[in-house]
Structure formats: structure tokens, C-alpha cells
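Note sheet for the following structure.
Throughout, read-outs are computed from the coordinates displayed, never taken from laboratory work. A quick note: this is a predicted structure, and the numbers were derived from the prediction, not measured. FYI the Cβ positions are ideal-geometry reconstructions off the backbone, even for glycines, and counts take in every protein chain you see.
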Amino acid sequence: MPFDKGYKLSGGRPKGAINRSTEQAKLTLARLANKGLDNITEDIDKIRKENPIKAAEIYLKLLEYVVPKLKSVDMKVDAEVNARVEKLQIEVIQRENKDGSKNKDQ
């Protein structure tokens, strides 16, 4: 008696389930990261005393994970503009130079 197409003997591991070694590795990395975060302020202060520029670079790189970057947005507007200039007024102002003479060009 042959098996039917698509027949499985067991369900196997459920979809998305993590094996034990991966779970342990992630837990170890999370603990290491938490330990590093506890000391990060002190570490940056030490770096700042020796090399303030390097400390600023580190600080800016860390900010990228906290504050999202703004992206430029291109907008295209297809619209008709029905506007007309009703009145145009030009005013010429005379100003005095430092030597007391009047100059219209300024």
C-alpha cells in the first residue's frame, strides 16, 4: 500500500519554531547587549576625554537606532493654475550713503 501524495508521517516542527541552540544563542546575545548598555554611558565618557570627535561619531551612530532618519519626498502635482496678476506696484526708495550723497540703486 503506497503513500498518498502529500502524506506526512509526523507534523514535525511547527512553522516559525526556533530550535534550542538558536534560542540559547539569542538569549546569550541579549544578556551581553544588556550588560553593554548598562556601561555605555561610562564608556562614551572615557572615549570623550581621550578623543571627543570619536565620541561624537559613536553618539551619532547610536542615534540612528533611536531617532528615525527623515527621507526626502518627491511630490508631483498635476493641476491647472488659473491666476491673474491684478496689480503690480513698484516703489523706489532713496537712501543716503555714508558720505551723505543720495543713491537710488540700493
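Summary table below
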item	result
Dipole of the chain [Lys/Arg +1, Asp/Glu -1 at C-beta], most positive-end residue of G16, T41, I93	G16
Gyration tensor (alpha-carbon) shape descriptor, the chain, a/c threshold 1.5	oblate
Protection-proxy order for peptides 22-34, 43-55, each taking the mean of Cβ atoms within 10 Å per residue, highest first	43-55, 22-34
Region 60-103 shape via C-alpha gyration tensor axes, a/c threshold 1.5	oblate
Dipole in debye (nearest 20) - the chain, about Cα centre, beta carbon charges: Lys, Arg +1; Asp, Glu -1	660
Between 0 and 90°, nearest 10: helix 20-50 axis offset from the chain longest Cα axis	40
